[in-house]
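Structure first, then comments.
Just so it is clear, none of the values below were taken in a lab; they were calculated from the coordinates. Keep in mind it's a predicted model, so treat the numbers as computed, not measured. Cβ atoms come from the backbone with ideal geometry, glycine included; neighbour counts cover every protein chain shown.
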Amino acid sequence: MSLSETAKRRIYLIKQYSFSSYQLIGIIILALLMFLLFTPAAEIIRISFSNKDAFTTHYWSRVLTSRLSRFIFYRPLINTLKLSIGMTVFSVLIGSLLAWLVIRTDLPGRKIIEKVSIISYIIPSWVIGIAWITVFHNSSFFGGFPGLLESFFRVKVPSQISYGLFPIIVVLTLHYFPYTFLLTASSLRSIDSHLEETGEILGASRIRILRKITFPIILPALLSSVILTFSKGLGTFGVPAFLGPPVRFNVLPTVIFSMINTGSLGEAYTLAIITTIIGILTIYMNMKLISARQSFATMSGKGMRMKLFHLGNWKWPLFTVVCVWIAIATLIPLLVLLLQSLMFFPGNFSLSNFTLHFWIGKEMPQLGDAGEPGVLFNSGIIRAIFNSLHLSVLSGLVAALIGFLIGYVVVKGKGTLLSKLLEQFSFLPYLMPGLPFAATYLVLFAHRIGPIPALYGTMTLLVLISVVKRLPFASRTGINSMMQIGKELEESAVVLGANLWRRFRKIVFPLAKNGFIAGFLLTFITVMRELDLIILLVTPKTQVLPTIIYRYAEESVAQFTNALALVIVILTLVVYFIVQKFQNIGILGE
Amino acid sequence: MIDIVLKGVSKDFGKYLAVDTLDLTIKEHDFHTLLGPSGCGKTTTLRMVAGLEEPTSGDIFIGKHAVFSSKNLINVSPAKRNIALIFQDYALWPHMTVFDNIKFGLEVLHIKKNEVKRKISRILENVHLEGLEKRYPNELSGGQQQRVSMARMLVIEPKILMMDEPLSNLDAKLRSSMRSEIKRLHNNIGATTIYVTHDQEEAMALSDMITVMNNGKVQQTASPLELYDHPENIFVAGFVGNPPVNLLNGRVIKQGLQKVLINSDFLGQINIDNIQNVTLKKDQSVIIGIRPEDITLYSSNPDKNSAEATIITILPTGSETLVEIKLGDKIISAKVERHNSYEINTKVYLAFESHSIHLFDSESGRRLN
């Protein structure tokens, strides 16, 4: 082989095995993801097994087999399971029934009900929890100011209704039923009436048709709802943190939180590992169940005809029930919060007690914590609002961008190892329960790692963990929107000689814009109310609305808590509607 | 000469061999069609010539230059092959106007603004789309969309134009008008054209040359009429022609000089001339192909050797009528005049010229005469 041939061969080999630009993007994201998921995991495992650099099983035996185990592990574990199972059963039941009523029957106002019920997903679960306390608090058991029921109707609310497992399950169900509702609704919508009518023609009874045709078709959607809801239950911190302590009701995340606050890191991380493992196991078990059945899920989207089930005499009673339920999940909590934030002394309904003090009032030092300036003039709160917007907008943009890139690499490289790995890895953060996951970041970024400075106490860390945790949703959105762009659209540009950057700018991004906006909104809404994930990581400088609300709630300043909870809901809804409007204009303008 | 030459080109997708050591020459200025059923490798071949798919092995030349060679380690990017490719679903960018869609390729070439305008208005005139510059693709009919997608590719004045089933998304009426449009454009610009389709009528109507492919292999390359009159094997005979050729089994009785006498199921003994240079054994099984239009039907027996059959269905198409008849246990079809007096369940007698018969070896499928 002559020299020039050797040289030629070398150049070809470099070309062959070097990666095209999009693969390079994929590899960088994959490497980052692995670093952000596995290093913290390795670090907390190390800490849970070491005592001043010596190997020890001390923390594990303390958690699993000591006298304390009952209080720090077994009881919270049982509570966590009770809570998760309870909220899953109710959410799935209520969500799927509502979906059936809205999609397949002649219930009045179906379209509006469908839109409104999604709002309860936008309202943070712990905001509903705060509203619950405002209504059902019982001052004769728990001290403080009386709840609305107590002060208005002079009812002594039993303590099991004020706090503990029951209200937690109710509140979480109010928040999470839209998961099931949305999933089941789209599945029900995909059933062509012909499928059911064929059964009817063959002489099957209505019940038999529901059981043998309708139910099996929506089963995958129901199973997905079960997984989604159950795994949310395992990691949930906010609601139990508000509604649990007065009756000493602890779940694993609240135990981990208080352990970290009291410096029992070894035990806390051991618990975090256990919670994470339980989370991963349940999801994988359920995924196995689903994938076996997934094949049912896809139905032809063509020539759909929907025959509605006539409710007859049940129409109006059912309508009333549905309306009441939706009001409880959306409007009533907000009204309660508004009412409470306008009362100078909680529980006093005389007209002179109503005030805008907590919204626009001046500082009144004689009142202690409650004497801070009103929400709209309080520099600490304004900073938190600014931080919250900063955090959620930035996380939304970054997550949507990375989701978009992941979508591009996964769809373009379909069938390659890189594509598969990237798709799987971007799902991993979903398996990690929020608070324990944050615990790992607390360890990892407390000090400098190589070129990365210590991030604890910075906004960057909050953005980082929010993006990683939301990546499963953002990348799913990215993949879906990329899949809708036919590969010929990009190939036409390739043939015409456009390079990757030009194709991105002119073709891919403009076409995937709606997916990008959806990814942004999804991340924005969830990060705006995020408490579980960042409560461990905030410092006074980086306080955001949810964490400042948690602080006020701990100090029992109900009016500030309520006013701020409202602020968060209003901010979220405003951005949500603005972006939606902007997006619609964008589409129409083209 | 800017011929396109493929030498021993193969492409496998993992386990599945899409194109199998393909040799093919496409002459400059020709309208050359790759014809075959779906999954035969025709689109993959086209995409390899375009550079969108990398062959597993082989060489591809455009003119004197190799654009791909697995031995000599060459792989020229699609942009530098001076080709244009039109996709089945048009692949128009939905967020751009007609004007912007066409402008895209010119921008990549850094062509001056007023020159761009001039070129676009000329190409729009050429494809009869004047005045639609400001429309978005979803405001156009299917035929207009297809013309925009042609304009987008033609505006960069490619030496080679490739089309991947460009008409299959259109309805029947539009398809035939676009067919003549494509032929006219080809004659105007004179670019070498590679056209992929599974529609044999379309291929016949448009092409200078047709390559029939099946299972990743070339079956035959020939002009349309050659392909129809002298199919090289059973596959080509069956694929080209609508309604398809009738196939009947037969056995060799004896072979003479360039002649063979065969005994056909239901048709009796047939003498076939012009046998190729092959030795046939006695009793060797063969397949006889007769095109429906080569069969004549008589209501009374013209001579006592004619085979007798029963009419099963009569299918008038307007310009002619197709008659399905039962011959022994076989159903075959014959084309007859549109005005006729046939009735179902009546007896007819078949006649045909022996030189219209296509004779194939039943084992290899190769043509024998």
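Please return the longest range in chain A lying between exposed loop sites, taking trypsin sites (Lys or Arg not before Pro), DSSP loop only, at most 14 other beta-carbon atoms within 10 Å, and leaving the sites out. Formally, the longest exposed-site-free interval is A:449-590. Look at the stretch A:493-504: the mean tally of other chain Cβ atoms within 10 Å of its residues' Cβ atoms is 6.
Exposure proxy for A:F354, A:F90: other Cβ atoms within 10 Å of each Cβ, ordered fewest to most, give A:F354, A:F90. By the count of other C-beta atoms within 10 Å, a proxy for reagent exposure, B:D361, A:D532, A:D106 are ordered fewest to most as A:D106, B:D361, A:D532. A quarter of the convex hull surface defined by the alpha-carbon atoms of the stretch B:246-361 gives 7.3 nm² as the mean projection.
Taking B:D171, B:D20, B:D208 in turn, the Gaussian network model of chain B (Cα-Cα springs below 10 Å) assigns the largest fluctuation to B:D171. All C-alpha to C-alpha distances of the stretch B:4-239, sorted into 5 Å bins beginning at zero, yield P(r) values of 1, 6, 14, 17, 19, 16, 13, 8, 4, 1, 0, 0 percent in whole numbers. Only DSSP H runs of four or more residues enter the estimate; each adds -39500 (n - 2.57), and after division by the residues of the protein assembly as shown the mean residue ellipticity at 222 nm equals -16500 deg cm²/dmol. Loop exposure criterion: GluC sites (Glu not before Pro), DSSP state outside H, G, I, E and B, at most 13 other Cβ atoms within 10 Å. Applied to chain B, the longest stretch between such sites is B:131-336. For peptide B:89-99, the mean count of partner chain Cβ atoms within 10 Å of a residue's Cβ comes to 4. Eigen-decomposition of the gyration tensor built on the alpha-carbon atoms of the protein assembly as shown gives equivalent ellipsoid semi-axes of 70, 34, 28 angstrom, largest listed first. Result for chain B in a Gaussian network model with C-alpha springs under 10 Å: among B:N126, B:N277, B:N249, the largest mean-square fluctuation is at B:N277. For a test of the definition: using alpha carbon positions, the gyration tensor, and the 1.5 limit on a/c, classify the stretch B:4-92 as rounded, prolate or oblate. Since a/c stays below 1.5, the shape of the stretch B:4-92 is classed as rounded. Which of B:T44, B:T279, A:T39, A:T320 has the fewest other C-beta atoms within 10 Å, and how do the rest follow up to the most? Lowest to highest Cβ neighbour count: B:T279, A:T320, A:T39, B:T44. For the stretch B:126-266, the convex hull drawn through the C-alpha positions has a volume of 152 cubic angstrom per residue.
Evaluated at q = 0.21, 0.23, 0.25, 0.30 Å⁻¹, the base-10 log of the normalised Debye intensity for the stretch A:134-190, with identical point scatterers placed on the Cα atoms, takes the values -0.76, -0.84, -0.93, -1.10.
In the elastic network of chain B, a GNM with C-alpha springs shorter than 10 Å, the most mobile of B:R135, B:R291, B:R147 is B:R135.
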